[in-house]
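Below is one structure; the comments refer to it alone.
The values are calculated or read from the model by the stated rules, or taken from the named source; none is laboratory data. Small disclaimer: the values here were computed from a predicted structure and weren't measured. Please note: Cβ atoms are built from the backbone with ideal geometry, for glycine as well, and neighbour counts cover all protein chains shown. The accessibility values were calculated without ligands, DNA or RNA, using every heavy atom of the protein model including side chains. Shrake-Rupley method; radii C 1.70, N 1.55, O 1.52, S 1.80 Å.
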Amino acid sequence: MEIKTIFSPDAAEPVAFAAAELSAYLGRMLAGEKGAVTISLGVRPDQDPGLPDWFSVKLKGTEGFIVGNRSGSVLLGAYDCLRRLGCRFLAPGKVGEVVPTITRKELMLKYEHRASFYHRGVCIEGANSRENVLDFIDWLPKTGYNSFFLQFKSPYIFYARWYEHRGNPLRGPESFALEDALAWMEEAEREMKRRGLLLHKVGHGWTGEALGCVAQSWDADPEPLRQDKRPLAALVDGVRDLYKGVPANTNLCFHHGEAVDAFAALVTEYARANPNTDYLHVWLADAYNNVCECEGCQKTTPSDQYVELLNEIDRRLTAEGFGTKIVFLLYQELLWPPIKARLTNPGRFVLMFAPISRTFEQSYQVEKKLPAIPAYVRNQITLPTSLSENLAFLRGWQKHFQGDGFVYDYPLGRAHYGDFGYMKLARVISGDVKQLEVLGLNGYISCQELRAGLPSFFPNYVLGRTLTDVSVGVNQLMEEYFSAAYGKDWPAVADFLFQLSNLSSTDYVNGKGDRLDENIAAWMEAIRELCLDFAPTLDAHRNQAGWATPFWRVLDYHREYVLKLSRTLRQLARGEEKKAGDSWQAFRDLICEKELDFQLWLDVYRVLEVTENYTGFRPEKP
């Protein structure tokens, strides 16, 4: 069947891309049909582009249209149309696609939809190849997302971890340099704009740059801090220097006017040079209990100084006529709201609430009475772990700022390694999104590994779909996802993964709680039994057609992975540290040996870093 698309010759690139995608997918789906289908695409001028994505779809056999309130919304509408016709996009890349065969009689759709939230995105973390990043960008709008965040001034560190094969002793480093990262960043940004995705940039690194350092990672700087820059660095324990040698983790002395000027100048220069950035993140150091202790700084609070810094940046951007949106961060010391300072131009700013220390054992619980915010004690703070404590900080800021905002959260940043089935996290994510409106937030950006797919990408699927339609239930999404991945036997898979999740602890793997824990040890033993009992189900599918798709093979590897990791956790929870270290080495050997076979699905660098630095394994060093 011939698929004809009609759109204005001066249409924005995402509209043309939507037309090409519709032609490609519908061409495959209707390959056995005769005749032609004509579909018109375009942006509706009467729909406000400043509201969350809206699209209208009408298909009637041989003709139809897809329109949106902005060009990227047209592409979102095209993918949503394909989903309703049976397409499933279960993972980044072509391997994650399930494209059915349909008849022309099934081309009968008429609906419109507005996304439930404006901000729906993912922030890059972990270790990634160039292809990983491009495939993930391609996947985002297919699952309802509209934003992607490239951290630092370039995502160099996230590429370097992969191409240098950090953490995997079986693979040597490949040729890679900063110039490669810069070129691939430009390529990634082009692919984002091609799809109408909103571009978020920078965040980390400003403080280090203001000190004259290159700050494009959390790596230590081999060079000492220049003497002429030392007065700008925070005074901590009587010393002004790089905090533990890491520029990105070093705070500034904001009582020093030159530090404020250097920081504000960097942001202004960046905004001038990068007009394609939709949201520019302005954050302080990525460490806590290391703010300046000088006499001048001690007369105020870090958050008051932060707000005054943001006001100075706004003043400079306004003077140059830049409308750049600035994202400010509620994180670590900055969770405490300012006492006196207020944003003078709140319309420029977007609040980002980042409860990095929260538990992921349950979703946000919005209580009628939240606890009081504890008194701020300079360089002696303890980060809140309970959800109510975290939300109390958010409410404190919202008393003074009622503008746009979103949550920046971490369920797939490291906690997911503690949920062996990913089903608990999927439910937590769904529950969190359903509380966003009550929290006064207009979306969610997930700070996460892009390769968080073992055993599946279901949590990401739930996040994108629920942010797009908050009314959709996790059980509906489960059937939608797993039936496409595993066919008629999907309930058995879902049940297995549910049982794994019920016996898992995101908190324990994330370093929360005592390392000696008999409950954890018992759960890990039960998980071993579950994995052994599930082997016949996998064996029954080895010679069936479904094994040709990646999903059953990934599940088979996942079972082996869980057997190894649960053993290390069982031994650690029993206090058998030597055995746990040896078992961790065996776990590392497994995932390093099979890294290339399952590269899309598991971030080997990150799971090793988390289990060693957070969970508490102490493997013997060679």
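State all residues of the range 60-107 that are assigned to a loop (DSSP other than H, G, I, E, B), closer than 25 Å to residue 454 by Cα and open to solvent by 20 Å² or more (accessible area, probe 1.4 Å); if no residue qualifies, say none.
Across the range 60-107, the qualifying residues are 86, 99, 100.
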Residue that is most open to solvent (accessible area, probe 1.4 Å) [pool: residues in the range 295-324 that are β-branched (Val, Ile, Thr) and more than 23 Å from residue 389 (Cβ to Cβ)]: 318
Residues (in a helix (DSSP H, G or I) and small (Gly, Ala, Ser)) located in the range 511-554: 521, 522, 526, 535, 545, 546, 548
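Going through the range 486-507 one residue at a time, which ones are in contact with a helix residue (DSSP H, G or I) (Cβ under 9 Å, 6 or more places away or on another chain) and open to solvent by 10 Å² or more (accessible area, probe 1.4 Å)? Let's see the steps before the verdict.
Within the range 486-507, the subset in contact with a helix residue (DSSP H, G or I) (Cβ under 9 Å, 6 or more places away or on another chain) is 486-487, 489-494, 496-507.
Scanning the range 486-507 gives 486, 487, 489, 490, 491, 492, 498, 499, 502, 503, 505, 507.
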Checklist (1) in contact (Cβ under 8 Å) with a residue 12 or more places away in the chain; (2) within 18 Å of residue 28 (Cβ to Cβ) applied to residue 97, failing item: (1)
Residue pairs meeting the criteria (Cβ under 6 Å; at least 6 apart or on separate chains; first over 13 Å from residue 126 (Cβ atoms), in the range 152-176; second hydroxyl-bearing (Ser, Thr, Tyr)): 174/163; 176/163
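Conditions tested, residue by residue: (1) more than 30 Å from residue 585 (Cβ to Cβ); (2) modelled with pLDDT under 95; (3) out of contact with any Leu (no Cβ under 7 Å at 6 or more places or on another chain); (4) not in a loop (DSSP other than H, G, I, E, B).
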{"position": "128", "(1), (2), (3), (4)": "no, no, no, no"}
{"position": "138", "(1), (2), (3), (4)": "yes, no, yes, yes"}
{"position": "141", "(1), (2), (3), (4)": "yes, no, no, yes"}
{"position": "157", "(1), (2), (3), (4)": "no, no, yes, yes"}
{"position": "160", "(1), (2), (3), (4)": "no, no, yes, yes"}
{"position": "168", "(1), (2), (3), (4)": "no, no, yes, no"}
{"position": "174", "(1), (2), (3), (4)": "no, no, yes, no"}
{"position": "181", "(1), (2), (3), (4)": "yes, no, yes, yes"}
{"position": "185", "(1), (2), (3), (4)": "yes, no, no, yes"}
Filter result (surrounded by fewer than 16 Cβ atoms within 10 Å (Cβ to Cβ) and small (Gly, Ala, Ser)) within the range 562-615: 575, 586
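Is it the case, given these coordinates, that residue 505 is modelled with pLDDT of 95 or more, touching an Asp or Glu at 6+ places or on another chain (Cβ under 9 Å) and among the polar types (S, T, N, Q)?
Working: modelled with pLDDT of 95 or more: yes; touching an Asp or Glu at 6+ places or on another chain (Cβ under 9 Å): yes; among the polar types (S, T, N, Q): yes.
Here the answer is yes, as residue 505 does meet what is asked.
Could you say whether any residue in the range 541-556 is hydroxyl-bearing (Ser, Thr, Tyr), touching a residue at least 12 places away in the same chain (Cβ under 8 Å) and open to solvent by 50 Å² or more (accessible area, probe 1.4 Å)? Steps first, please.
First, the residues of the range 541-556 that are hydroxyl-bearing (Ser, Thr, Tyr): 549.
If we keep only those that are touching a residue at least 12 places away in the same chain (Cβ under 8 Å) too, we end up with 549.
Imposing the further condition that a residue be open to solvent by 50 Å² or more (accessible area, probe 1.4 Å) reduces the set to 549.
Checked the range 541-556: at least one residue is hydroxyl-bearing (Ser, Thr, Tyr), touching a residue at least 12 places away in the same chain (Cβ under 8 Å) and open to solvent by 50 Å² or more (accessible area, probe 1.4 Å).
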Counted residues, the range 374-416 - those being open to solvent by less than 10 Å² (accessible area, probe 1.4 Å) and within 19 Å of the chain's Cα centre (by Cα): 10
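Quick check on this structure: which one of 259, 248, 215 is more than 30 Å from the chain's Cα centre (by Cα) and either closer than 24 Å to residue 277 by Cβ or not in a loop (DSSP other than H, G, I, E, B) (or both)?
Working: 248 fails: more than 30 Å from the chain's Cα centre (by Cα); 215 fails: more than 30 Å from the chain's Cα centre (by Cα).
Just one listed residue meets the conditions, 259.
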Yes/no for residue 327 being at pLDDT 95 or above, surrounded by 15 or more Cβ atoms within 10 Å (Cβ to Cβ) and out of contact with any helix residue (DSSP H, G or I) (no Cβ under 8 Å at 6 or more places or on another chain): yes
First in the range 288-301 and within 13 Å of residue 251 (Cα to Cα), second anywhere and modelled with pLDDT of 95 or more and among the aromatic types (Phe, Trp, Tyr), Cβ under 6 Å, 6 or more apart: 290/243
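Residues in the range 190-197: is at least one in contact with a Gly (Cβ under 6 Å, 6 or more places away or on another chain), open to solvent by less than 60 Å² (accessible area, probe 1.4 Å) and not polar (S, T, N, Q)? Walk me through how you get there before you give the answer.
Restricting attention to the range 190-197, the residues satisfying the condition of being in contact with a Gly (Cβ under 6 Å, 6 or more places away or on another chain) are 196.
This time we only want the ones that are open to solvent by less than 60 Å² (accessible area, probe 1.4 Å), so: 196.
Then keep just the ones that are not polar (S, T, N, Q); that gives 196.
Yes: one or more hits.
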Residues within the range 130-166 that are hydroxyl-bearing (Ser, Thr, Tyr) and open to solvent by 10 Å² or more (accessible area, probe 1.4 Å), tallied: 2
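Determine which member of the set 284, 351 is within 19 Å of residue 202 (Cβ to Cβ), open to solvent by less than 10 Å² (accessible area, probe 1.4 Å), touching a strand residue (DSSP E or B) at 6+ places or on another chain (Cβ under 8 Å) and of a type outside the set (Asp, Glu). Before the answer, list the steps.
Working: 284 fails: open to solvent by less than 10 Å² (accessible area, probe 1.4 Å).
The unique qualifying residue is 351.
Please go through the range 2-42 and pick out each residue that is part of a loop (DSSP other than H, G, I, E, B), more than 16 Å from residue 82 (Cα to Cα), open to solvent by 40 Å² or more (accessible area, probe 1.4 Å) and in contact (Cβ under 8 Å) with a residue 60 or more places away in the chain. Give the steps one after another, and end with the answer.
First, the residues of the range 2-42 that are part of a loop (DSSP other than H, G, I, E, B): 7-12, 30-35.
Restricting the remaining residues to those that are more than 16 Å from residue 82 (Cα to Cα) gives 7-12, 32-35.
Restricting the remaining residues to those that are open to solvent by 40 Å² or more (accessible area, probe 1.4 Å) gives 7-10, 12, 32-35.
Hits for the range 2-42 are 12, 32, 33, 35.
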Residue list for the range 576-622, restricted to those being assigned to a loop (DSSP other than H, G, I, E, B) and of a type in the set (A, V, I, L, M, F, W, C): 596, 598, 600, 601, 617
Condition check for residue 383: among the aliphatic types (A, V, I, L, M) and out of contact with any strand residue (DSSP E or B) (no Cβ under 9 Å at 6 or more places or on another chain): yes
Top-ranked residue of the range 455-473 - restricted to ones that are touching a strand residue (DSSP E or B) at 6+ places or on another chain (Cβ under 8 Å) and open to solvent by 10 Å² or more (accessible area, probe 1.4 Å), ranked as farthest from residue 51 (Cα to Cα): 469
Of the criteria (1) within 27 Å of residue 124 (Cα to Cα); (2) of a type in the set (A, V, I, L, M, F, W, C); (3) buried (at least 17 other Cβ atoms within 10 Å of the Cβ), which one residue 370 fails: (1)
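Inspect all residues belonging to the range 425-444 and state whether any of them is part of a strand (DSSP E or B), in contact with a strand residue (DSSP E or B) (Cβ under 6 Å, 6 or more places away or on another chain) and either under 30 Å from residue 328 (Cβ atoms) or open to solvent by less than 10 Å² (accessible area, probe 1.4 Å) (or both). Before you say what the answer is, go through the steps one by one.
The first filter runs over the range 425-444 and keeps only residues part of a strand (DSSP E or B), leaving 443-444.
Okay, now just the ones that are also in contact with a strand residue (DSSP E or B) (Cβ under 6 Å, 6 or more places away or on another chain), so 443-444.
This time we only want the ones that are either under 30 Å from residue 328 (Cβ atoms) or open to solvent by less than 10 Å² (accessible area, probe 1.4 Å) (or both), so: 443-444.
For the range 425-444, residues part of a strand (DSSP E or B), in contact with a strand residue (DSSP E or B) (Cβ under 6 Å, 6 or more places away or on another chain) and either under 30 Å from residue 328 (Cβ atoms) or open to solvent by less than 10 Å² (accessible area, probe 1.4 Å) (or both): present.
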Residue 515 vs. criteria of a type in the set (Lys, Arg), over 22 Å from the mean Cα position of the chain (by Cα) and over 17 Å from residue 360 (Cβ atoms): yes
